[in-house]
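Peer 1: For reference, the structure I am asking about is given below.
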Amino acid sequence: MSDPTCDDIEALVGPATPHFAFQIRARVRELIAGLPDDDPVRRLGEAKISMLDDLGYASSKAEDDAPEEPRTRIGWDEIPSSAPVSRPLPRTS
């Protein structure tokens with residue numbers, strides 16, 4: 001394979017969901033493994049790895065500036081699920 005690009009990283013991470021965050025994180029790690037520390041593709045990959053880490057404990061990839069689901073939404077009192085990637089659920093070991 002040729003050297004990875006930022007577009008390759010974005011193509012892997014773009015459709016990420018909480019269910020597949022850790023699998024995609026592993027693919028990104030593998031993709032950037034041989035790149036030098038100062039490579040811009042590696043730096044982007046490391047930033048995306050950090051986001052994927054949080055996404056694995058979140059319920060959506062919504063960013064800070066995205067509107068959250070209102071707590072008045074039907075069913076919220078039974079199954080709350082507001083853990084955007086900017087504020088993921090606490091990690092338990």
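Peer 1: Considering only residues that are of a type in the set (Ser, Thr, Tyr) and more than 20 Å from residue 85 (Cβ to Cβ), look in segment 1-33 and name the one that is most open to solvent (accessible area, probe 1.4 Å).
Peer 2: 2
Peer 1: A further question on this structure: Only one of (1) at pLDDT 65 or above; (2) open to solvent by 60 Å² or more (accessible area, probe 1.4 Å); (3) among the β-branched types (Val, Ile, Thr) is not met by residue 41, so which one is it?
Peer 2: Among (1) at pLDDT 65 or above; (2) open to solvent by 60 Å² or more (accessible area, probe 1.4 Å); (3) among the β-branched types (Val, Ile, Thr), residue 41 violates only (2).
Peer 1: Something else now. Could you list, in sequence order, all residues of segment 34-54 that are without any contact (Cβ under 8 Å) to a residue 40 or more places away in the chain, more than 14 Å from residue 87 (Cβ to Cβ) and in a helix (DSSP H, G or I)?
Peer 2: Hits for segment 34-54 are 40, 41, 42, 43, 44, 46, 47, 48, 49, 50, 52.
Peer 1: From (1) modelled with pLDDT under 95; (2) surrounded by 14 or more Cβ atoms within 10 Å (Cβ to Cβ); (3) part of a helix (DSSP H, G or I), pick out the condition that doesn't hold for residue 57.
Peer 2: Condition (3) is where residue 57 drops out.
The values are calculated or read from the model by the stated rules, or taken from the named source; none is laboratory data. Predicted model only: the values in this text are computed from it and were never measured. Heads up, the Cβs are rebuilt from the backbone with ideal geometry, glycines too, and the neighbour counts pull from every protein chain shown. Accessible surface is based on the protein model in full, side chains and every heavy atom, while ligands, DNA and RNA are left aside. Shrake-Rupley method; radii C 1.70, N 1.55, O 1.52, S 1.80 Å.
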